[in-house]
Amino acid sequence: MESFEGFNQRFPGFGGYMPWVFINGTYPVPTPDFKSRTPALDNGELFWGALAVSQAWKQRHPEINPGLRERWDNVTWKLMLKNARKIF
(Lines give C-alpha, C1' and ligand atoms only; values in the text may rest on other atoms or scores of the structure.)
Protein backbone atom coordinates (compact mmCIF):
# COMPACT_ATOMS: atom_id res chain seq x y z
CA MET A 1 0.00 0.00 0.00
CA GLU A 2 2.70 2.44 0.96
CA SER A 3 4.60 1.76 -2.26
CA PHE A 4 1.53 2.44 -4.42
CA GLU A 5 0.55 5.50 -2.38
CA GLY A 6 4.10 6.86 -2.35
CA PHE A 7 4.50 6.40 -6.09
CA ASN A 8 1.17 8.09 -6.83
CA GLN A 9 2.04 11.03 -4.59
CA ARG A 10 5.48 11.48 -6.11
CA PHE A 11 4.39 10.87 -9.72
CA PRO A 12 0.74 11.93 -10.07
CA GLY A 13 1.05 12.28 -13.84
CA PHE A 14 0.89 8.51 -14.24
CA GLY A 15 -2.68 8.54 -12.90
CA GLY A 16 -2.32 5.30 -10.96
CA TYR A 17 -0.65 3.45 -13.83
CA MET A 18 2.81 2.03 -13.33
CA PRO A 19 5.73 2.51 -15.71
CA TRP A 20 8.73 0.23 -15.51
CA VAL A 21 10.38 1.13 -12.22
CA PHE A 22 13.37 0.56 -10.01
CA ILE A 23 13.49 0.99 -6.25
CA ASN A 24 15.34 4.10 -5.17
CA GLY A 25 15.25 4.09 -1.39
CA THR A 26 11.70 3.47 -0.26
CA TYR A 27 9.48 3.98 -3.31
CA PRO A 28 9.46 2.90 -6.94
CA VAL A 29 10.90 5.42 -9.41
CA PRO A 30 10.35 5.30 -13.20
CA THR A 31 13.29 3.93 -15.14
CA PRO A 32 14.91 6.50 -17.44
CA ASP A 33 13.22 5.05 -20.54
CA PHE A 34 9.75 5.19 -18.90
CA LYS A 35 9.72 8.70 -17.38
CA SER A 36 6.78 9.76 -19.56
CA ARG A 37 5.13 6.54 -20.72
CA THR A 38 3.56 3.41 -19.31
CA PRO A 39 3.06 -0.11 -20.74
CA ALA A 40 -0.60 -0.81 -21.58
CA LEU A 41 -0.55 -4.63 -21.35
CA ASP A 42 1.19 -4.74 -17.98
CA ASN A 43 -1.13 -2.11 -16.55
CA GLY A 44 -4.15 -3.98 -17.88
CA GLU A 45 -2.97 -6.99 -15.90
CA LEU A 46 -2.43 -4.76 -12.85
CA PHE A 47 -5.95 -3.32 -13.18
CA TRP A 48 -7.72 -6.67 -13.46
CA GLY A 49 -5.56 -8.21 -10.73
CA ALA A 50 -6.26 -5.33 -8.33
CA LEU A 51 -9.98 -5.51 -9.09
CA ALA A 52 -10.01 -9.31 -8.56
CA VAL A 53 -8.26 -8.95 -5.19
CA SER A 54 -10.79 -6.33 -4.14
CA GLN A 55 -13.81 -8.38 -5.21
CA ALA A 56 -12.55 -11.58 -3.59
CA TRP A 57 -11.78 -9.69 -0.39
CA LYS A 58 -15.24 -8.10 -0.38
CA GLN A 59 -17.10 -11.35 -1.12
CA ARG A 60 -15.17 -13.76 1.08
CA HIS A 61 -13.98 -11.68 4.02
CA PRO A 62 -15.78 -8.32 4.11
CA GLU A 63 -15.25 -8.11 7.87
CA ILE A 64 -11.45 -8.08 7.57
CA ASN A 65 -10.18 -4.50 7.60
CA PRO A 66 -12.69 -2.84 5.23
CA GLY A 67 -10.79 0.45 5.57
CA LEU A 68 -7.68 -1.15 4.13
CA ARG A 69 -9.70 -2.65 1.27
CA GLU A 70 -11.15 0.78 0.47
CA ARG A 71 -7.66 2.26 0.56
CA TRP A 72 -6.50 -0.52 -1.81
CA ASP A 73 -9.39 0.18 -4.19
CA ASN A 74 -8.71 3.92 -4.25
CA VAL A 75 -4.98 3.62 -4.84
CA THR A 76 -5.20 0.94 -7.55
CA TRP A 77 -8.09 0.12 -9.87
CA LYS A 78 -10.39 3.08 -9.07
CA LEU A 79 -7.59 5.56 -9.73
CA MET A 80 -6.67 3.74 -12.93
CA LEU A 81 -10.31 3.71 -14.08
CA LYS A 82 -10.64 7.44 -13.39
CA ASN A 83 -7.58 8.24 -15.52
CA ALA A 84 -7.78 5.63 -18.30
CA ARG A 85 -8.98 8.00 -20.99
CA LYS A 86 -6.31 10.60 -20.14
CA ILE A 87 -3.45 8.11 -20.04
CA PHE A 88 -4.38 6.02 -23.08
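The values are calculated or read from the model by the stated rules, or taken from the named source; none is laboratory data. Nothing here was measured: the structure is a model prediction, and the numbers come from that model. Positions of Cβ are generated from backbone atoms using ideal geometry, with glycine treated the same way; all protein chains shown enter the neighbour counts. Side chains included, ligands, DNA and RNA excluded: accessible areas come from the protein's heavy atoms. Shrake-Rupley method; radii C 1.70, N 1.55, O 1.52, S 1.80 Å.
Per-structure values
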| read-out | value |
| --- | --- |
| Net dipole in debye of the chain [+1 Lys, Arg Cβ; -1 Asp, Glu Cβ; about Cα centre; nearest 20] | 300 |
| Carbon and sulfur %, accessible surface of the chain computed with the full protein complex present, 1.4 Å | 57 |
| Over segment 23-87, equivalent-ellipsoid semi-axes from the Cα gyration tensor in Å | 26, 15, 10 |
| 1.4 Å probe accessible area per residue over the chain, in Å² | 67 |
| 5 angstrom amide H check on residue 21, placed H, neighbours 5+ away | 31 |
| GluC sites (Glu not before Pro) restricted to DSSP loop in segment 35-84 with at most 10 other C-beta within 10 Å | 63 |
| Cut-off of 10 Å, at most 16 other beta carbons, DSSP loop: longest stretch of the chain lacking such trypsin sites (Lys or Arg not before Pro) | 38-88 |
| Accessible-area order (highest first, 1.4 angstrom probe) of the listed residues 53, 29, 21 | 53, 21, 29 |
| Segment 21-32 - phi-based ³J(HN,Hα) in whole Hz, Karplus 6.51/-1.76/1.60, Gly and Pro as x | 9, 10, 8, 10, x, 9, 10, x, 10, x, 5, x |
